[in-house]
Amino acid sequence: MGLRFIKFFTELNKGDVSLVGGKGANLGEMTGAGILVPPGFCVTAQAYRYFVETTGLAAQIKKIISDTDVNNLEQLLGNTARIREMICSIPVPAEIATEVIEAYRKLAENDPALKVAVRSSATAEDLPEASFAGQQDTYLNVVGDEQVLEYVRRCWASLWTARATAYRQAQGFDHDTVYLSAVVQKMIQSERSGVAFTVNPITGDRREMLINASWGLGETIVGGKVTPDEYTVDKTARRLNGKIITAKNVLIVADPNSTSGTIETEVARFLGPEFVERQCLSDDEILTLSEQLIKVEEHYGFPQDIEWGYENGTFYILQSRPITTLGKEEAGAKMSKATSADVLIRGMGAAPGTAVGKVILVKNFDDVVRVKEGTVLVTVMTNPDMVPAMKRAAAIVTDEGGRTCHAAIVSRELGVPCIVGAKNATVILAEGMEVTVDASRGVVYQGRVTFGDTPQPAAGADAGPLVQGALWREFAPVTGTKLYMNLGEPEAIARYRDLPFDGIGLMRTEFIFTDHVGAHPMYLIRTGQQDTFVERLSEGIATVAQTIYPRPVVVRFSDFRTNEFRGLKGGEDVEPVENNPMIGWRGVSRYISPEYEAGFRLECRAMVKVRKEYQLTNVWAMLPFVRTTWEVRRALDIMAMEGLSSNLDFKVWIMAEVPSVIFMADEFSPLIDGFSIGSNDLTQLVLGADRDSGILDAMGYFDERNPAVTRAIAQLIKTAHRHGKTVSICGQGPSVYPDFTEFLVRTGIDSISVNPDTVANTRRLVASVEQKVMLEALRERK
């Protein structure tokens, strides 16, 4: 075509970074190698240069920037916004516009309404593209001549965000020599998409690859909106080694009500309920995709991190970049337990590993350049412009953030040990101080700490679950019935984290009340210490949620009885003396009463803090000892006022302990997301047998397997499923009676939560029962 400002992918290779930027050059390289890449073209960097020079913008921009003090944030924001407005307000020169339209029409010759993605591509090889991350957007489902021109111009404007401008200034780059290319690529309306690593990023095994997959466009995975399916493939044998199928609740698709853009919607509504937990890729499709991924790796000669999409029976490679941190990950995995050290701070481990280095405090853009190889980057929170420094750092520690914050995501990708949410790291850790960062445990020690060869359990700890968990993590059978674990003490999760459970089905907050808070919530409110309560409760919950993320943690709001609440500091002043506290003022009746509502609101705020500030969205809520629908409505109203409302990633369960919940399950179901059977209290109230009575227990009265109890459970499961609600069980019964567990599986319970010491055996039992049920069904059919 002889175009001056346009280069199609077929004309490009990896040596054209200065012409079309790293992203454009890479797409051209893969196209030339015969890798199936969606076709497209690049509006070259020369087009941007021609645009700013012929319109007189170059001189105006230079004048504005020379008059800008990048350390004056208000001035920087104002002046860079002015530059972007100038770029977006001036028409694209006709000679460029004509070529862009001609190239788009050639790309769309078989489809006049072709939708494309328009994204920026940085040109300077030594200017990290990370400086543009989060500043220069990708525009999806762009259609038509005018829209393509508009979004090309928006890409150009994004070169002048405040962050990117300040970063170039701090690094000493000449603004006049940095240009931007715009990539215009046919939009793949991915029915399924994902990310793949051509080396196992967890074990470092180069003989394996790891593939993630979910429904719709890939933004759900990249944005952390779903937990994708995970497939492990043996590259040598071309064999599927393992797969983990997850519940994928949301997907992103093209907006059906607009000519451009996307929408997020529910998988169950868009595709059907059966797709939520369906395997995204068939085994044959996994192996077909694997062949393409191996081809990409072989072309580059190095392990790759690859984004892919699937449309109309064809897999496309959307992007590929090298994985360069394998050595760091393997080295970090060998670090274990400190023998002795002074703990300086604690936070949440976001990217595992251990490192030693001197602290560099990063407070503004100018400080980024001081981060050298082997130093420890300490800051309030990272941003995209810090990525080059993060790559050089031996470890990263932030005051703020949760498991899905910028620092956590990027450090995991880079393989750099990282601790987030350390609160006051920038105050306690002094410039130049030598520290040891143990990001596996979320601890920073003073000085250089020695580590042993293997982790040792704490004195008096039961090492059995550790060993059993390590074995079962590798060999645990896959079950359709989810297997959850009960947990009380938050710190115990470190001992049980490797057991083969799918989440925490019951996290008892009472242990946090007694061990970490130590005082009655109403006493703390009266003495002005309510923030202490919220902080300590949220820390306890976060300890568990962060450790097993993204597996769910069902947190039961406090279920102390009045006699137990009286044992807390200040409890005697606010708690009544009841003759029968077991069926007295407890659970939801307490939360909605004027005497404790303020305390319940504090519990809600702690959960909000964990979900929003720590960004641990795997935390769900459970209301205990429910009696009536009206009290549930009132409790849900209070929760909503505090910022806790049921949605796609926040579930509210109620405990089925009181028989009224069984009888009224039709009325309770529309209010909540699921039921959890408290078999201890349910058995007590169905049979009228005090669960604490040794006499009745010895006589055989208290038994979850009693027909009256099992009929109640079966009725609840049937009713709940009719309304599309889930049913779990978290009492002691499944931990004690294997035949009771078999009954639950056969009756169709969705999940079973058991004590840690029975997790492995129960999982094996559940798998066995499921296989038996399938075999019986086959025999009956024959």
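The values are calculated or read from the model by the stated rules, or taken from the named source; none is laboratory data. Worth saying up front: this structure is predicted, and the values here are computed from it rather than measured. Counting neighbours? That spans all protein chains shown, and the Cβs are built from the backbone with ideal geometry, glycine included. The area values use the complete protein model at the heavy-atom level, side chains included, leaving out ligands, DNA and RNA. Shrake-Rupley method; radii C 1.70, N 1.55, O 1.52, S 1.80 Å.
Residues in region 738-774 that are part of a loop (DSSP other than H, G, I, E, B) and surrounded by fewer than 23 Cβ atoms within 10 Å (Cβ to Cβ): 748, 750, 755. I'd like to verify a number: residues in region 576-622 that are open to solvent by 40 Å² or more (accessible area, probe 1.4 Å) and of a type in the set (Ser, Thr, Tyr), how many? Residues in region 576-622 being open to solvent by 40 Å² or more (accessible area, probe 1.4 Å) and of a type in the set (Ser, Thr, Tyr): 1 in total. For region 375-393, a residue qualifies if it is open to solvent by 30 Å² or more (accessible area, probe 1.4 Å) and more than 21 Å from residue 427 (Cα to Cα), and the qualifying residues are 391, 392. Across region 16-25, which residue is modelled with the highest pLDDT among those that are within 36 Å of the chain's Cα centre (by Cα), surrounded by fewer than 24 Cβ atoms within 10 Å (Cβ to Cβ) and of a type outside the set (Lys, Arg)? Looking at the filtered set, the residue picked out is 16.
The criterion of being modelled with pLDDT of 90 or more, within 30 Å of residue 211 (Cβ to Cβ) and among the aliphatic types (A, V, I, L, M) does not hold for residue 377. Select from region 345-374 the residues that are part of a loop (DSSP other than H, G, I, E, B) and not β-branched (Val, Ile, Thr) and write down the one among them that is surrounded by the fewest Cβ atoms within 10 Å (Cβ to Cβ). Among them, the one singled out is 373. Among the residues of region 624-668, those that are assigned to a helix (DSSP H, G or I) and within 17 Å of residue 604 (Cβ to Cβ) comprise 631, 632, 633, 634, 635, 636, 637, 638, 639, 640, 641. Exactly one residue among 184, 195 is more than 26 Å from the chain's Cα centre (by Cα) and assigned to a strand (DSSP E or B), and that residue is 184.
From (1) touching a Ser or Thr at 6+ places or on another chain (Cβ under 6 Å); (2) open to solvent by 10 Å² or more (accessible area, probe 1.4 Å); (3) among the β-branched types (Val, Ile, Thr), pick out the condition that doesn't hold for residue 493. Condition (2) is where residue 493 drops out. For region 198-207, the condition holds for no residue, the condition being that it is modelled with pLDDT of 80 or more and under 21 Å from the mean Cα position of the chain (by Cα).
The requirement of being in contact with a Ser or Thr (Cβ under 7 Å, 6 or more places away or on another chain) and under 24 Å from residue 503 (Cβ atoms) is fulfilled somewhere in region 660-667, by at least one residue. Here 648, 636, 644 are screened, and the one residue that is under 22 Å from residue 553 (Cα atoms) and modelled with pLDDT under 90 is 648.
Within the set 105, 84, the sole residue that is touching a residue at least 40 places away in the same chain (Cβ under 8 Å) and out of contact with any Phe, Trp or Tyr (no Cβ under 9 Å at 6 or more places or on another chain) turns out to be 105. Does residue 149 count as at pLDDT 80 or above, open to solvent by 10 Å² or more (accessible area, probe 1.4 Å) and in contact with a strand residue (DSSP E or B) (Cβ under 6 Å, 6 or more places away or on another chain)? Here the answer is no, as residue 149 does not meet what is asked.
Does any residue of region 652-674 turn out to be more than 30 Å from residue 608 (Cα to Cα), of a type in the set (Phe, Trp, Tyr) and either open to solvent by less than 30 Å² (accessible area, probe 1.4 Å) or modelled with pLDDT of 90 or more (or both)? Yes, region 652-674 contains a residue that is more than 30 Å from residue 608 (Cα to Cα), of a type in the set (Phe, Trp, Tyr) and either open to solvent by less than 30 Å² (accessible area, probe 1.4 Å) or modelled with pLDDT of 90 or more (or both).
Scan region 562-569 and tell me whether some residue there is modelled with pLDDT of 90 or more and not β-branched (Val, Ile, Thr). No, region 562-569 has no match at all. In region 497-510, the residue that is farthest from residue 440 (Cα to Cα) out of those that are open to solvent by 10 Å² or more (accessible area, probe 1.4 Å) and more than 21 Å from the chain's Cα centre (by Cα) is 510. Which of the residues spanning region 704-737 are under 31 Å from the mean Cα position of the chain (by Cα), farther than 23 Å from residue 508 by Cα and crowded, with 21+ Cβ neighbours inside 10 Å? Matches in region 704-737: 717, 720. Of the residues making up region 546-561, just one is modelled with pLDDT of 90 or more and of a type in the set (S, T, N, Q), namely 558.
Filtered by the rule that a residue be of a type in the set (S, T, N, Q) and over 28 Å from the mean Cα position of the chain (by Cα), region 738-757 gives 741, 747. Taking region 675-694, which residues are buried (at least 20 other Cβ atoms within 10 Å of the Cβ) and either on the phi > 0 side of the Ramachandran plot or assigned to a loop (DSSP other than H, G, I, E, B) (or both)? Selection gives 678 alone. Test residue 605 against the criterion of being at pLDDT 95 or above and farther than 17 Å from residue 626 by Cβ, and give yes or no. Yes: the conditions hold for residue 605. Can you confirm whether residue 614 is of a type in the set (Phe, Trp, Tyr), modelled with pLDDT under 95 and out of contact with any strand residue (DSSP E or B) (no Cβ under 8 Å at 6 or more places or on another chain)? The answer is no for residue 614.
Contact annotation: residue pairs with Cβ atoms under 6 Å, 6 or more positions apart or on different chains, pairing a residue in region 757-782 that is under 16 Å from residue 498 (Cβ atoms) and among the charged types (D, E, K, R) with a partner that is modelled with pLDDT of 85 or more and crowded, with 18+ Cβ neighbours inside 10 Å, are 763/483; 763/500.
Across region 227-275, the qualifying residues are those that are open to solvent by 80 Å² or more (accessible area, probe 1.4 Å) and among the acidic types (Asp, Glu), and the one among them that is farthest from residue 149 (Cα to Cα) is 274. Filtering region 511-553 to residues that are of a type in the set (D, E, K, R) and more than 21 Å from the chain's Cα centre (by Cα) leaves 515, 526, 531, 535, 536. Scanning region 314-372 for residues that are hydroxyl-bearing (Ser, Thr, Tyr) and modelled with pLDDT under 75 yields 324, 325, 336, 339, 340. Within region 33-50, the only residue that satisfies the criterion of being closer than 17 Å to residue 154 by Cβ and out of contact with any strand residue (DSSP E or B) (no Cβ under 7 Å at 6 or more places or on another chain) is 47. The number of residues in region 55-96 that are closer than 17 Å to residue 176 by Cα and open to solvent by less than 40 Å² (accessible area, probe 1.4 Å) comes to 13.
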